[in-house]
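Notes follow once the structure below has been shown.
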Amino acid sequence: KIGYKELIPASAAVVIAYFALKYAARKIRARKARQRGAAKLKERNSKWIELNVDPEIKEKILSMKAYQIVEAINSGSLTTQQVLNTYIMRAQELGRKYSITAEEMFTDAINRLEDLPGGILHGLPISIKDSYSQKGCVTSAGLVRRLGKIDNSDHPLVSQIRASGGLPFVRGNPLQIMMWFETENNIYGVAKNPWDPSRTVGGSSGGDAGIVAARCAALAIGSDIGGSIRIPSAFCGVYGIRPTSRRTNGKEGAQTHPDKIDHFKLLIKSTRGPMGRCVEDLTIVLKAWWNEELWKKDCYLFPMKFDQEVYENTQKKKLRIGYFDYNGVFECAGVIKDIIRETKEKLEAEGHELVEFNAGNLFSEGTDIYARIAYAGDPKYLWEELEGEEPSWVYNVLDLQARFPFMKTLIPLYLRLLGHKQLSRLVGLPRDISLHDFCKLFNDSAVFKNKFHDYWNSLQIDALVCPIWPLVAPQHTKTKTLAAAFSYSFVWNLLDYPCGVVPIRTVRPGEDKYESTSRDKAVKSCKEIMEGSVGLPVCLQVVGYPSKDEEVLGVMKIIEDFYKFDEHPI
């Protein structure tokens with residue numbers, strides 16, 4: 001007869017054994033996933049294509065913008081073979097060195113040269129983010145479980161690129177699941193910034209921005225649902241645009257959830273856009289996309305071609321432009337405030353009217369709504385996406401909350417005790433909400449948008465100049481406590497305003513510092529990020545009203561002509 005005292009240790013042993021076996025099984029699954037990812041990378045790196053390019057021609061090609069390369073090919077001063085060979089060798093060497101590339105479709109691109117169609121992108125080697133389907137590729141979206149699925153067709157926007165003579169030849173390394181602002185996964189590793197390998201390229205289109213910065217491709221194509229084109233562009237010192245979603249979506253990219261469930265995209269539309277070395281490079285991609293062929297593939301897109309006349313007239317006429325250097329959520333470093341002030345003065349000197357954009361608490365309200373949408377799902381949703389794969393450090397909080405439900409309360413309290421007040425508030429927002437709460441969230445979002453539109457229209461501005469990010473590119477993992485800093489990017493996704501990034505210059509001696517009166521613990525991280533940042537690029541953002549993409553590009557071109565930023569890290 002077993003007594004009460006004997007049952008207690010026996011029961012405890014069973015419980016301990018259960019959790020130990022569960023932990024061991026999880027670790028085994030994670031190890032197998034890592035091994036599978038490592039095998040994919042090893043297979044890619046085992047191949048090497050040796051191509052010859054005259055050193056002078058190579059340097060000439062690498063010094064040219066994308067649109068200039070097309071002009072040179074069309075005039076006969078360069079051949080498509082010379083251009084492709086140059087970028088293949090560079091992507092092969094530097095893309096692997098900095099872990100910014102995913103699959104390499106070099107042989108496929110070489111084979112397509114013979115029957116390459118003419119067009120506005122004729123002969124341009126282009127990087128495509130590893131979230132777009134592309135025939136013959138494995139679109140991983142940074143997930144090991146997707147490695148066995150080979151695409152049998154191109155995404156509509158990739159098809160448009162091919163039809164215009166472009167050559168998708170390499171894929172950009174993305175963040176696992178693509179839901180944060182750094183880039184790493186268990187297949188292609190941690191993407192390093194060509195300006196400083198100790199710093200991140202941003203995310204989730206970080207690999208593609210790094211590819212453009214390192215001149216491993218003439219152009220790159222990313223996606224943006226919270227800043228995934230603009231943040232990497234800013235960190236890597238390249239030009240990028242997030243177009244109005246209803247002009248470029250085509251079809252959704254890779255679905256990271258096995259059942260293709262994504263509450264996030266019900267309220268915030270992802271969009272796709274180019275990254276390049278000048279504004280003109282961005283325009284040629286949009287011209288290749290926005291035509292009847294794309295509208296046939298997606299009848300819900302606005303049937304609006306690129307309006308060259310509006311783009312050019314925007315650069316000629318006197319404009320009324322809003323500006324700000326602080327959104328009321330997260331304070332910028334002095335160097336970011338300086339480039340906003342410098343740009344304001346240059347615009348005024350050209351006869352444009354500059355209007356202070358003071359939206360009160362609207363940015364704070366938009367930040368909370370965006371975060372409520374982002375955090376609305378059950379944390380266990382993450383496990384379903386990973387299917388046993390080890391999550392990136394980016395998702396540590398979600399992982400803990402999924403394993404231990406009490407962490408939903410404990411983590412915000414812990415962060416607040418550490419002094420991370422802003423982060424504590426955002427992490428503590430409700431999760432796994434009801435249908436009623438979701439509908440309320442939808443309504444709150446609509447009310448916010450209307451209030452913001454009303455304020456914008458009251459100023460009667462043509463565009464807005466503001467920060468895209470309050471600092472420079474951070475060191476790897478430093479973004480984990482700076483969620484509120486991304487409010488300069490993701491509020492525009494909530495509003496679906498087109499916005500683009502313009503590199504201005506690099507940090508000068510004496511500017512590598514951060515000063516703030518805030519007592520939030522994030523200030524310490526900001527100071528560490530700015531320390532040693534001399535020589536890193538700083539950028540600003542141009543924003544426009546929905547569907548006014550050409551005006552945004554026109555203002556970006558005006559600012560580009562002021563600074564003529566064309567510096568390269570390598």
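The values are calculated or read from the model by the stated rules, or taken from the named source; none is laboratory data. Predicted model only: the values in this text are computed from it and were never measured. Backbone-built Cβ (ideal geometry, glycine too); neighbour counts: all protein chains shown. The accessibility values were calculated without ligands, DNA or RNA, using every heavy atom of the protein model including side chains. Shrake-Rupley method; radii C 1.70, N 1.55, O 1.52, S 1.80 Å.
I need a count of the residues in the range 548-570 that are at pLDDT 95 or above and in contact with a Lys or Arg (Cβ under 7 Å, 6 or more places away or on another chain). Matching residues across the range 548-570 total 4. Within the range 155-176, the residues that satisfy the criterion of being open to solvent by 10 Å² or more (accessible area, probe 1.4 Å) and either closer than 29 Å to Phe490 by Cβ or part of a helix (DSSP H, G or I) (or both) are Pro156, Ser159, Arg162, Ala163.
The residues in the range 105-118 that are in contact (Cβ under 8 Å) with a residue 24 or more places away in the chain and open to solvent by 40 Å² or more (accessible area, probe 1.4 Å) can be counted, and the count is 6. Among the residues of the range 1-49, those that are modelled with pLDDT under 95 and not in a helix (DSSP H, G or I) comprise Lys1, Ile2, Gly3.
Evaluation of Asp307 against the conditions (1) of a type outside the set (A, V, I, L, M, F, W, C); (2) in contact (Cβ under 8 Å) with a residue 24 or more places away in the chain; (3) closer than 21 Å to Arg505 by Cα shows that the sole unmet condition is (3). Among the residues of the range 203-257, the ones that are part of a loop (DSSP other than H, G, I, E, B) and hydrophobic (A, V, I, L, M, F, W, C) come to 8 in all.
Here Gly95 clears all of (1) closer than 17 Å to Val285 by Cα; (2) open to solvent by less than 20 Å² (accessible area, probe 1.4 Å) except the condition numbered (1). Residue count for the range 255-271 under the criterion of being open to solvent by less than 10 Å² (accessible area, probe 1.4 Å) and under 18 Å from Gln134 (Cα atoms): the result is 1.
Evaluate the following for Leu286: is it touching a helix residue (DSSP H, G or I) at 6+ places or on another chain (Cβ under 8 Å) and either within 16 Å of Val70 (Cα to Cα) or without any contact (Cβ under 8 Å) to a residue 12 or more places away in the chain (or both)? Yes: the conditions hold for Leu286. Taking (1) without any contact (Cβ under 8 Å) to a residue 12 or more places away in the chain; (2) over 30 Å from Gly500 (Cβ atoms) in turn, Asp454 satisfies each apart from (2). Restricting the range 520-570 to residues that are in contact (Cβ under 8 Å) with a residue 24 or more places away in the chain, of a type in the set (Lys, Arg) and not in a helix (DSSP H, G or I) leaves a set whose member that is surrounded by the fewest Cβ atoms within 10 Å (Cβ to Cβ) is Lys521. Pairing each residue of the range 500-516 that is assigned to a loop (DSSP other than H, G, I, E, B) with any residue that is surrounded by fewer than 20 Cβ atoms within 10 Å (Cβ to Cβ) and of a type outside the set (Asp, Glu), provided the two are 6+ apart or on different chains, yields C-beta distances under 6 Å for Val507/Val534; Pro509/Val534; Asp512/Val534; Tyr514/Lys527; Ser516/Val523. Number of residues in the range 273-324 that are surrounded by fewer than 20 Cβ atoms within 10 Å (Cβ to Cβ) and touching a Pro at 6+ places or on another chain (Cβ under 7 Å): the value is 3. One residue alone among Ile88, Ile69, Ile126 is under 23 Å from the mean Cα position of the chain (by Cα), at pLDDT 95 or above, within 25 Å of Pro156 (Cα to Cα) and buried (at least 24 other Cβ atoms within 10 Å of the Cβ), and that residue is Ile126. In the range 339-437, which helices (runs of 4 or more DSSP H) lie fully inside it and hold 1 or more residues that are touching a Ser or Thr at 6+ places or on another chain (Cβ under 8 Å) and loosely packed, with under 15 Cβ neighbours inside 10 Å? Fully inside the range 339-437 and qualifying: 407-418. Tallying residues that are in a loop (DSSP other than H, G, I, E, B), open to solvent by less than 10 Å² (accessible area, probe 1.4 Å) and hydrophobic (A, V, I, L, M, F, W, C) within the range 456-483 yields 6.
Criterion applied to Val14, Val53 was being over 30 Å from Leu143 (Cα atoms) and either touching a Leu at 6+ places or on another chain (Cβ under 9 Å) or open to solvent by less than 50 Å² (accessible area, probe 1.4 Å) (or both), and the one residue passing it is Val53. Between Asn173, Asn193, the distinction of being within 16 Å of the chain's Cα centre (by Cα), more than 28 Å from Ala376 (Cα to Cα) and not hydrophobic (A, V, I, L, M, F, W, C) belongs to Asn193 only.
Scanning the range 438-451 for residues that are among the charged types (D, E, K, R), touching a residue at least 60 places away in the same chain (Cβ under 8 Å) and within 18 Å of Ala371 (Cα to Cα) yields a count of 1.
Among the residues making up the range 72-85, those that are over 26 Å from the mean Cα position of the chain (by Cα) and of a type in the set (A, V, I, L, M, F, W, C) are Ala72, Ile73, Leu78, Val83. Contact map, the range 403-431: first residue on the phi > 0 side of the Ramachandran plot, second residue of a type in the set (Asp, Glu), Cβ cut-off under 9 Å, separation 6 or more or different chains; pairs are Gly419/Asp520.
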